[in-house]
Structure formats: C-alpha cells, structure tokens
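Read the figures in this text as sums done on the coordinates, not as results from a lab. This one's a predicted model, so the numbers in the text were calculated from it and none came from an experiment. Please note: Cβ atoms are built from the backbone with ideal geometry, for glycine as well, and neighbour counts cover all protein chains shown.
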Amino acid sequence: MAKTEQTTQKRSFKIEIISFILFMGLSVVLCVINLENYISLSMVGVGLLALYLNDVNKAVDLILAVLWSSFYAYFCYVNGLAVNGVLISLWYLFIKIHDIVAKVDTRDLVKENNKLKGHEIWALVIVSICLVVGSYLLSKLWINEKLAIFDTITAVLFCISLFLMMKRTTEYFIVRLIAMAGQAAIWIALALLYGFKTGSLHITLLFVAYIVYDMSRLSKWSYSHTNAPTKEKSILDSEEYKAAKKKYDRTHASGLPGKSVGVDKDSKRS
C-alpha cells in the first residue's frame, strides 16, 4: 500500500513539473510570435510559482501573493474587467494573509467529511447574489463595462472558491473547477472579441494551468483518502452500545448498588 501511494505521489509530482515547463514554454512562444509581451509573461511566472511553491515558505507565499494580485489587478484594469480586478485581487490577498497569520497548512486541501451546513449554504447564496447585483450595477453605471455581467459572475464564483478553500470544505473541488473554467472562458472571449489585448492569452493559459494542477491535486487527495487504512471501531463507539448505556442509565438513575447481589458483608457467598 505504501509503495503504491509513493508511486502516486511521484506521478503527481512529475505531472506538476511537466505542466510547469509546458505552460511556461507556451507563454514564451506567445511572446516570441508577438501575441503577448514580457510583462504578462512575468505574471504567468509569478502565478505558476505561487501555485507550485505554495506553503514552502510563508514569506515567499506573501511576496508572490502581493505580486500576483498586483499583476492581475493591472491586467484586469487594462482589459476592462473591473470587478475581476477588484474582487479577486483583494480577496486572494486577504486569503493568503489569513492562511499565513492563522498558520494554516495549505497542503491539506479539504478536511474529510467537512461539508457546508444548510444555513451556511443559504448565507453564501444570499451574499453571492447581493455581491453580483451590487458589482454589476457599479461596473455598468460607473464605467459602462461591456462584459459586466460575465465579469461579475466569474469574479464572484472565483471568490466563492477561495472562501471554500479557506474553510477546507469538500464542495471546494467542484466550485474551484467551475470557477477556473469560467475565468479561462472570459479571458478567451476577451481575446477574441477585442483583438487579443495584452495579457488575455497569457492569463487564459495561467487558468488552464491551474485546472491541470488542481486535477492532479484532486487525484492525489482522492487516492490518499480512499486507500487510507481503516481503523477498527471499538464496541464502545457503536450505536448499539450507546443506546443500551443510555437505557441503563435511565433505569438505574442512582447508579450501581453498593454490594453485588449474592455476596454478604464478609465477601463470602451465602
């Protein structure tokens, strides 16, 4: 079992290294053929390093988070995605600072059986709707953004995925995948509709890289949990024992008798 797990870890590591080299190579090619520039290439480098060096060193994590947030806010501003620029940059930076201050082990993607409760889901839905409506109105009325509704929805979805990552809930995986796909889609649309503006292709590649990396992490996490050795449960933990104990406690409220039945004061059977 341990050997198989080690093999899975090595395979996952190889996938991560190969994808890093592949996406950085594609990003350089885009610069060479003049579809992108080296400023947006720097953002891809920072984004990938922030991904692969996550939780290696807290100071490095913070520096990369500040750099990535700054880069992303700048390119969103240049490309007219105001909501993405404000919400994602600030929320991502806050999450990273929270993880550092709270000393969260970010290598543990989610906590087993940690799911959102009913009231938490409703609260998240209500806050998200308010955020979408408010952000859309501001972006539309303030700067008359052309892709306002798509900008708003993708940004809020991404922020939800970051919140679930902070909470380490099992819903994180599916929401994260949808959020990343939405981000890649809006940047592709931006490139096609507005003539491949600076950063649009590089950022698309970056989010695709995130999807590949997340799938690798999900596979590794899934294997480690589905193949984990199961602990034998004690009979004292069984529901039957708990029910019997509760019934006994009700019928013997005063506790056990002072002496055992059938034994006299000299501890001799009569």
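Using the Cα centre of the range 8-226 as origin and beta-carbon charges of +1 (Lys, Arg) and -1 (Asp, Glu), tell me which of Leu177, Phe158, Ser42 is placed farthest towards the positive end of the dipole.
Of Leu177, Phe158, Ser42, it is Leu177.
Give me Lys197, Lys14, Lys103 sorted ascending by neighbouring Cβ count inside 10 Å, so fewest comes first.
With the sparsest Cβ surroundings first, the list reads Lys103, Lys14, Lys197.
Through the Karplus equation 6.51 cos²θ - 1.76 cosθ + 1.60, θ set to phi - 60°, convert the phi angles of the range 198-213 into ³J(HN,Hα) values in whole Hz; use x for Gly and Pro.
For the range 198-213, the Karplus-derived couplings read 4, x, 5, 6, 4, 5, 4, 4, 4, 6, 5, 4, 4, 5, 4, 5 Hz, x marking Gly and Pro.
How far apart, in nm, are the 7 Å Cα→Cβ label points at Phe94 and Leu192?
Taking the two extended label points, one gets 3.4 nm.
Just want the ordering: Tyr92, Tyr72, from fewest to most Cβ atoms lying within 10 Å of their own Cβ.
Tyr92, Tyr72
Using the basic label-point model (7 angstrom from Cα toward the beta carbon), what is the Cys130 to Thr170 distance in nanometres?
3.0
Of the lysine pairs in the range 8-226, how many meet both conditions: Cα atoms under 18 Å apart, and a spacing of 8 or more in sequence or different chains?
12
Within 10 Å of each residue's Cβ, count the other Cβ atoms and sort Trp91, Trp68 from fewest upward.
Final ranking by Cβ density, sparse to dense: Trp91, Trp68.
Just report the Cα centroid separation between the range 57-96 and the range 18-51, whole Å.
17
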